[in-house]
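Comments concern the structure below.
The values are calculated or read from the model by the stated rules, or taken from the named source; none is laboratory data. Everything numeric here is computed off the predicted structure, so don't read it as measured data. As a convention, Cβ positions derive from the backbone with ideal geometry for all residues, glycine included, and neighbour counts pool all protein chains shown.
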Amino acid sequence: MRKIWLIAATVMFVAPGTTAFAADDATAVKSEDGKYYDKDGNPTYKVGADGTVDWYTYSGYRRYHSECHVCHGPDGMGSTYAPALQDSLKTMNYGDFVGVVASGRKNGNSVMPALGDNPNVACYMDDLYVYLRARAHDAVGRVRPAKKEDKPDAYNETEKSCMGGK
């Protein structure tokens, strides 16, 4: 229940008044506790010159392939019954993304189930968004990132709290 409230609060706080972003707006301009943000305060990716990705992009890759790729296809490229998230994240802002993933959506015959009560999704919403945003902007390839930043201490604390740990 705590996770659902947290997601609902995030959607209400972020979604109103947010707008879609253009490809060049994904540039990380700020870092806080190992998480990167764009100029509008949306979570974003950071890829070093040597290909090292931030922890959230790496974790998002792992989470995507454990929970999302069955419907949305490998690397967010879509399938016969679910859209290409690689394309959607070119224009979908963070608030809309969280809203759709948490609450679900029906679009014709296509149905996205509500995953806000699934801790394997809800606790990693930022990770999923950041990874898919990196894919949308061709910042990472179709394979598992070979190099990653270390897992931030703040990430450990947030993950433990969300998953019900002490």
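Here residue 75 clears all of (1) surrounded by 20 or more Cβ atoms within 10 Å (Cβ to Cβ); (2) without any contact (Cβ under 8 Å) to a residue 12 or more places away in the chain except the condition numbered (2).
Within the range 24-47, the only residue that satisfies the criterion of being among the basic types (Lys, Arg), surrounded by fewer than 17 Cβ atoms within 10 Å (Cβ to Cβ) and either under 13 Å from the mean Cα position of the chain (by Cα) or not in a loop (DSSP other than H, G, I, E, B) (or both) is 30.
Residue 144 meets the conditions (1) surrounded by 18 or more Cβ atoms within 10 Å (Cβ to Cβ); (2) over 14 Å from the mean Cα position of the chain (by Cα) in every case but one. The failed one is (1). Among the helices (runs of 4 or more DSSP H) confined to the range 62-165, the ones with at least 2 residues that are at pLDDT below 90 are located at 69-72, 85-88. Close contacts from the range 26-49, counting a first residue that is β-branched (Val, Ile, Thr) and a second that is part of a loop (DSSP other than H, G, I, E, B), with Cβ to Cβ under 7 Å and a gap of 6+ residues or different chains, come to 27/38; 29/38; 29/39; 44/28; 44/38; 47/139; 47/140.
Quick one: which of 89, 115, 128 is over 21 Å from residue 26 (Cα atoms), crowded, with 18+ Cβ neighbours inside 10 Å and either under 15 Å from the mean Cα position of the chain (by Cα) or aliphatic (A, V, I, L, M) (or both)? Step through it out loud before you land on a result.
Values: 89 fails: over 21 Å from residue 26 (Cα atoms); 128 fails: over 21 Å from residue 26 (Cα atoms).
Step by step, each of 89, 115, 128 is checked, and only 115 is over 21 Å from residue 26 (Cα atoms), crowded, with 18+ Cβ neighbours inside 10 Å and either under 15 Å from the mean Cα position of the chain (by Cα) or aliphatic (A, V, I, L, M) (or both).
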